1. For a quick protection proxy, order the peptides 52-65, 103-116, 175-188 by their average other-Cβ count within 10 Å, most packed first.
2. Shape call for the range 96-145 from the C-alpha gyration tensor, a ≥ b ≥ c root eigenvalues: rounded (a/c under 1.5), prolate (a/b greater than b/c) or oblate?
3. Tally the DSSP beta bridges in the chain and give the antiparallel ones as a percent, rounded to 5.
4. Could you identify which residue out of GLY28, GLY199, GLY121 has the top mean-square fluctuation in a GNM of the chain using Cα springs shorter than 10 Å?
5. May I ask you to give the percent of accessible area on the chain that is carbon plus sulfur, with a probe radius of 1.4 Å?
6. Per residue, how much accessible area does the chain show when a 1.4 Å probe rolls over the protein heavy atoms, in square angstrom?
7. 5 Å is the cut-off here: which amide hydrogens, built 1.01 Å from N in the peptide plane, fall below it relative to PHE176, excluding neighbours closer than 5 in sequence?
8. Rounded to the nearest 500 deg cm²/dmol, what is the calculated helix-only ellipticity per residue at 222 nm for the chain, with -39500 (n - 2.57) per DSSP H run of length n ≥ 4?
Amino acid sequence: MPAWDRPEGGVVRVRVATVEDLLDLLDGVFDARADATSRAAAAHWDEVLARPGHPLAVDAPDASLVSWYDEGVLPLPDLRTALDVGCGLGRNSRWLAHAGLAVTGADIAPGALARARELGGAGTLRYVDVDVLREPVPGGPFDLVYDSGCFHHLAPHRRISYRATLAASLAPGGYFGLCTFAAGRMGADDDDATLLRAGALGEGVGYTLQELQDVFADLELVAGGPMPRAAGNGQDVFSHDFLVAALFRRPA
């Protein structure tokens, strides 16, 4: 910027001209720990997932995934591809790959991705280092997009980015499933204006099933409710009573 065009004092002022400008500006309201979906939080997740005995380090799929498949509401044999958002150590990615899908596990934590690759899985499984809110997701569109524990860490304004990523990544007729904090059981219950003013989310945001339906109103709800406590087939699963799960389908 030439000297004659600089604001007084040499400070460049931020002017919002696009939606992305606004989203980037609002990102600055939250520090790296508060916005646990940004690359600034990668080291945090690597540390969390490396803790011995941490609940997220278990090698078991979500009870919701297993239950939906067993109940026939998630027709995995009819699906070919899946995206696992915030895959961590790949526990859901591996289960989906063993079910016959070509799976892309996406995460921002390089250490977790390295460990996920070491744990192996079916040959149709790959892991990518990508920030799904701010970077293009390779390999789409997918027949299934699944999110276990990423959505509840979104700052309110980044739901816009999330919906845009989902719209670009989910094939027509495809399924979208998520497992997130349940309102009143885990996470902040404050309204979005309060969260933005505070610039903090605590451990995350809690949602009711109705709120999830409102956010994803363009999708059809297939199943939803508290996270199942166990799998009907006796398989080891990941389940906690502070979680709510929902399965949606994109109209064909």
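1. On the way: 52-65: 16.6, 103-116: 23.1, 175-188: 21.2.
Packing proxy ranking, top to bottom: 103-116, 175-188, 52-65.
2. Details: a/c = 2.71, a/b = 1.09, b/c = 2.48.
Oblate is the answer for the range 96-145, as a/c is 1.5 or above yet b/c matches or exceeds a/b.
3. Working: 13 of 36 bridges.
Antiparallel: roughly 35 percent of the beta bridges in the chain.
4. GLY28
5. Details: 6380 of 11870 Å².
Answer for the chain is 54 percent, counting heavy atoms of protein chains only.
6. Values: 11870 Å² over 252 residues.
Each residue of the chain exposes 47 Å² on average to a 1.4 Å probe.
7. VAL145, PHE248, ARG249, ARG250
8. Numbers: 8 runs with 70 residues, N = 252.
It comes out at -7500 deg cm²/dmol, rounded to the nearest 500.
The values are calculated or read from the model by the stated rules, or taken from the named source; none is laboratory data. What you are looking at is a predicted structure, and each value in this text was computed from that prediction instead of being measured. As a convention, Cβ positions derive from the backbone with ideal geometry for all residues, glycine included, and neighbour counts pool all protein chains shown. For accessibility, only protein heavy atoms count, side chains too; no ligands or nucleic acids. Shrake-Rupley method; radii C 1.70, N 1.55, O 1.52, S 1.80 Å.
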